[in-house]
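Down below is the structure, laid out as structure tokens.
Here, each number is a calculation from the coordinates, and none is a lab measurement. Fair warning: this is a prediction, and the values are worked out from it, not measured in the lab. All Cβ positions, even for glycine, are placed from backbone atoms using ideal geometry, and neighbour counts span all protein chains on display.
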Amino acid sequence: MNKARGDRKLVVVTGASTGVGRATAMALVQQHGCEVIAVARNAAKLQELAQECAGGPGSLRPLGMDLEQEDAVAQVRQAVGPHRLHGLVNNAGLLIKHELGGWTAADAQRLFRLHATIPLLLTQALAAALQGDPPGHVVNIGSMGGFQGSVKFPGMAAYSASKAALANLTECLAEELKDRQVRCNCLCLGAVDTAMLREAFPGYTAPVGPHEVGHYLARFVMEGHNFYNGKVLPFAISTP
């Protein structure tokens, strides 16, 4: 049975067309009855996801757009409108892999923009909408590659460094927002069976799939702010 619009908690999920983002968005709709604004470049896949979510207790609103475009943050803010926002999941990701000697400034700029700058600007733009009781929850999807002290891999220098920047940003945002009833945490994912992982590590078989991880993340979005703030948490059975 569908919840009435006013009874649904509103959550924005970026990178929602595939993998962990898709599974998280679906779990928020189907398991938690949320209204999800699903953001991704692939509008066709978002429409498919919306159809799969139809009839559930929540609803999914596709927002097909490229977060790298200049007006992307403004478009997301406009989609939220005057409504209370309960969660922001900064999940959109990009894989660029080069051995040392093959990196360009443009490669690094793209990775840092999508993995750190855009989450900063989205959180800043949506901070007022996230304020309230219960506190709004910003969940940044990091990587064990960016977790201090974890194993590192050749070819992943700029990717891992950009995820490390996201982890540090999480701690900074939690401090900035602690008096505004907004909480911010980062989950650093290990090996999850997604297209991005298979591209990064050909031949490696991950121990968990996006469906299981998405269900956990959805619950963390809804409940994690009760127990954590400013935390960078490893979330991994293994790394490749």
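Values computed for the structure shown
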quantity: Cα convex hull volume per residue for the chain (Å³); calculated: 116
quantity: Whichever aspartates and glutamates have a C-alpha closer than 18 Å to that of K152, once near sequence neighbours (fewer than 8 apart) are set aside; calculated: E99, E199
quantity: Angle in degrees between helix 19-30 and the longest Cα principal axis of the chain, rounded to the nearest 10; calculated: 20
quantity: Mean projected area in nm² (Cα convex hull; one quarter of hull surface) for the stretch 147-208; calculated: 5.3
quantity: Rounded to 10°, Cα long-axis angle of helix 210-223 versus longest principal axis of the chain; calculated: 50
quantity: Pairs from K9/K178; K45/K97; K45/K178; K45/K231 whose Cα-Cα separation, in the structure shown, is over 29 Å; calculated: K45/K178; K45/K231
quantity: Gaussian network model of the chain, springs between alpha carbon atoms under 10 Å - residue of V13, V138, V73 with greatest fluctuation; calculated: V73
quantity: Relative contact order (percent, whole number), the stretch 1-124, Cα cutoff 8 Å, 6+ residue spacing; calculated: 26
quantity: Residue order, fewest to most surrounding Cβ atoms within 10 angstrom, among S238, S160, S150; calculated: S238, S150, S160
quantity: Long-range HN-HN contacts of R61 with modeled amide H, under 5 Å; calculated: V36, I37, A38
quantity: Mean Cα-pair separation over length for the chain, i.e. relative contact order, pairs under 8 Å, 6 or more apart, %; calculated: 20
quantity: Kirkwood hydrodynamic radius (C-alpha pairs) into Stokes-Einstein, the stretch 136-177, 4 °C and 1.567 mPa s, D in µm²/s; calculated: 119
quantity: Vicinal HN-Hα couplings computed from phi for the stretch 105-112 (Karplus, 6.51 cos²θ - 1.76 cosθ + 1.60; Hz; Gly/Pro x); calculated: 4, 5, 4, 5, 4, 5, 5, 5
quantity: Computed [θ] at 222 nm, deg cm²/dmol, the chain (DSSP H ≥ 4; -39,500 (n - 2.57); rounded to nearest 500); calculated: -12000 deg cm²/dmol
quantity: FRET E, pair F227, N168, Förster distance 22 Å, beta-carbon r, rounded to 0.05; calculated: 0.55
quantity: Listed peptides 115-127, 22-34 by packing density, highest first (mean Cβ within 10 Å); calculated: 22-34, 115-127
